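In what follows, a structure is listed as structure tokens, so that the remarks can point back to it.
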Amino acid sequence: MTPPNFLNAILAGRSNGYLCFPGISFAKPKCDADSMQLSIENVTKSYTTPEGPVEVLRGIDLTVIAGESVALTGESGSGKSTLLHLAAGLDAADSGKVMANGRDISRLDEGDLAQYRRKEVGLVFQQFNLVPSLDVAANISFHAKLADRHDARWQAELMEKLGLSALSRRYPEQLSGGQQQRVAIARTLAARPGMILADEPTGNLDEATGDAVLDLMLTLSRSAGCSLLLVTHSERLAAKLDRKVLLRQGRIAT
């Protein structure tokens, strides 16, 4: 499955969004969107291949309560990223419901889905998805401006907390992997949605940098009361979250 593109996702169409985690003694300690409860109800999803249909999700039931952090674990091909994309409105389930604060997002039209991704949920990708032609400061403000939530003071505080102030005029190609991921996190935080959806956010980082990035995400999300659903292959990282859910062959293992 092709990873979603950041610009396509938040500008229009069924694509993707971003994250949220204000907090830790900032001037704006709350997410603008309400902390989200996500309910996945008997969801199925399959894809067509030259060899025939492939079932990816086979009747998934999962609830992430408001403010909770949940790790999705499992082998490659178990359906983790697919489930995350359904929660973000990047793809549609074949059957079942994806409920966000009591609203079935599968019933939203494309315009409402775009608003949902801009303002209510957020994604952090393994690939960072920074805009190459924008410097650090402009990358961080990009999503917040689309969501009509740009706040220069809030952005400055985020950049300081994430160690990015001195890098504000650098471009993505001038940054290390860890620095790029911190920019992606700041971009998400600047938009202040209610749920963070993170797909292997530390997968391209070394262990020490990955641990630091995840610890920061958890600190920020917990202090703000934002929900977090995170895909990871690492049992060690999954243990840092409130709860772990194991997917096996498209089902939740019991």
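Numbers at a glance
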read-out: Residue that is modelled with the highest pLDDT, among those in region 129-150 that are part of a helix (DSSP H, G or I) and more than 14 Å from V183 (Cβ to Cβ); value: K145
read-out: Members of region 209-223 found to be in contact with a helix residue (DSSP H, G or I) (Cβ under 9 Å, 6 or more places away or on another chain) and either crowded, with 18+ Cβ neighbours inside 10 Å or modelled with pLDDT of 85 or more (or both), listed by number; value: G210, D211, V213, L214, L216, M217, L220
read-out: Residue within region 196-203 that is part of a helix (DSSP H, G or I) and either in contact (Cβ under 8 Å) with a residue 40 or more places away in the chain or out of contact with any helix residue (DSSP H, G or I) (no Cβ under 8 Å at 6 or more places or on another chain) (or both) present; value: no
read-out: Region 156-167, residues that are in contact (Cβ under 8 Å) with a residue 40 or more places away in the chain and acidic (D, E); value: E157
read-out: Out of R153, R170, sole residue that is part of a loop (DSSP other than H, G, I, E, B) and touching a residue at least 12 places away in the same chain (Cβ under 8 Å); value: R170
read-out: Matching residues in region 241-254 - criterion: being out of contact with any Leu (no Cβ under 6 Å at 6 or more places or on another chain) and touching a residue at least 60 places away in the same chain (Cβ under 8 Å); value: L241, D242, R243, K244, L246, L247, R248, Q249, R251, I252
read-out: Residue within region 174-186 that is without any contact (Cβ under 8 Å) to a residue 12 or more places away in the chain, surrounded by fewer than 21 Cβ atoms within 10 Å (Cβ to Cβ) and more than 30 Å from V56 (Cβ to Cβ) present; value: yes
read-out: Count - residues of region 228-240 that are within 19 Å of A186 (Cβ to Cβ) and without any contact (Cβ under 8 Å) to a residue 24 or more places away in the chain; value: 0
read-out: L237 being under 28 Å from G59 (Cα atoms) and assigned to a strand (DSSP E or B); value: no
read-out: Among residues of region 103-140, those that are surrounded by fewer than 21 Cβ atoms within 10 Å (Cβ to Cβ) and either touching a residue at least 40 places away in the same chain (Cβ under 8 Å) or aromatic (F, W, Y) (or both), counted; value: 6
read-out: Residue match in region 229-239 (condition: surrounded by fewer than 19 Cβ atoms within 10 Å (Cβ to Cβ) and touching a strand residue (DSSP E or B) at 6+ places or on another chain (Cβ under 6 Å)); value: no
read-out: Qualifying residue in region 216-227 (condition: without any contact (Cβ under 8 Å) to a residue 60 or more places away in the chain and either out of contact with any Phe, Trp or Tyr (no Cβ under 8 Å at 6 or more places or on another chain) or on the phi > 0 side of the Ramachandran plot (or both)); value: yes
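For (1) at pLDDT below 90; (2) among the β-branched types (V, I, T); (3) farther than 17 Å from T254 by Cβ; (4) in contact with an Asp or Glu (Cβ under 7 Å, 6 or more places away or on another chain), each residue gets a yes or a no:
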residue	(1), (2), (3), (4)
D32	yes, no, yes, no
S35	yes, no, yes, no
T48	no, yes, yes, no
E55	no, no, yes, no
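The values are calculated or read from the model by the stated rules, or taken from the named source; none is laboratory data. This one's a predicted model, so the numbers in the text were calculated from it and none came from an experiment. All Cβ positions, glycine included, derive from the backbone under ideal geometry; neighbour counts span all protein chains shown.
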